[in-house]
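The values are calculated or read from the model by the stated rules, or taken from the named source; none is laboratory data. Keep in mind that what you see is a predicted model, and the values were worked out from it rather than measured. Positions of Cβ are generated from backbone atoms using ideal geometry, with glycine treated the same way; all protein chains shown enter the neighbour counts. Heads up: the accessible areas ignore ligands, DNA and RNA and are worked out on the full protein's heavy atoms, side chains in. Shrake-Rupley method; radii C 1.70, N 1.55, O 1.52, S 1.80 Å.
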Amino acid sequence: AGSEATRTHLINASRSLIYTTALPPITVFWNLQSLRKVQKDTQLSASLFHNALLLRTLLIKAGFETLGKDYVVPVLCFENEQALKTAAHLRKLGFWVKAIRHPTVPKNQAMVRLSVCATHTESCIRDLVDALIQFQKETT
């Protein structure tokens with residue numbers, strides 16, 4: 001809404017607001033607040049490290065190939081279609097999982113990306129791994 005002159009003025013005077021890929025200021029503020037909280041609460045960091053290690057250990061023990069070394073745990077599915085099917089299956093079970101496919105990753109390196117949080121319970125992590133194991137058995 002507004003006159004043509006007002007719209008034209010705002011488009012020309014507010015280019016950085018209109019044409020930006022920068023994060024909104026509130027997002028930056030929220031991220032800074034989160035970082036400050038994590039720096040103060042060492043228990044959160046310890047829980048995150050423990051959960052990431054548990055997830056990665058259980059996956060490797062079950063025969064899955066993982067990449068990375070932090071709380072984002074990519075699990076290789078190799079084929080795009082398998083990554084999509086795996087992610088869809090896990091989402092149906094209540095796990096928020098994203099498929100990462102070619103061309104985002106090299107051919108035959110499609111994966112599902114798992115992210116662990118400090119607040120995840122050991123039971124939740126084990127349920128996720130069990131769901132992956134069961135899905136792999138059903139599809140191979």
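Under Stokes-Einstein, with the Kirkwood radius over Cα pairs standing in for Rh, what whole-number D in µm²/s applies to the range 65-140 at 10 °C and 1.306 mPa s?
Result for D is 126 µm²/s.
So which of K92/K137; K85/K107; K40/K92; K37/K92 end up more than 27 Å apart by C-alpha?
Correct reply: K40/K92; K37/K92.
What fraction, in whole percent, of alpha-carbon pairs in the range 21-128 exceed 25 Å separation?
Counting pairs separated by more than 25 Å, the tail of P(r) holds 32 percent.
Might you tell me the accessible area per residue for the range 27-140, computed with a 1.4 Å probe and given in Å²?
Solvent-accessible surface per residue comes out at 67 Å².
For an R0 of 35 angstrom, estimate the FRET efficiency from the Cβ-Cβ distance between V28 and I133 and round to the nearest 0.05.
0.30
Carbon and sulfur together cover what percent of the accessible area of the range 63-103 at a 1.4 Å probe radius?
54
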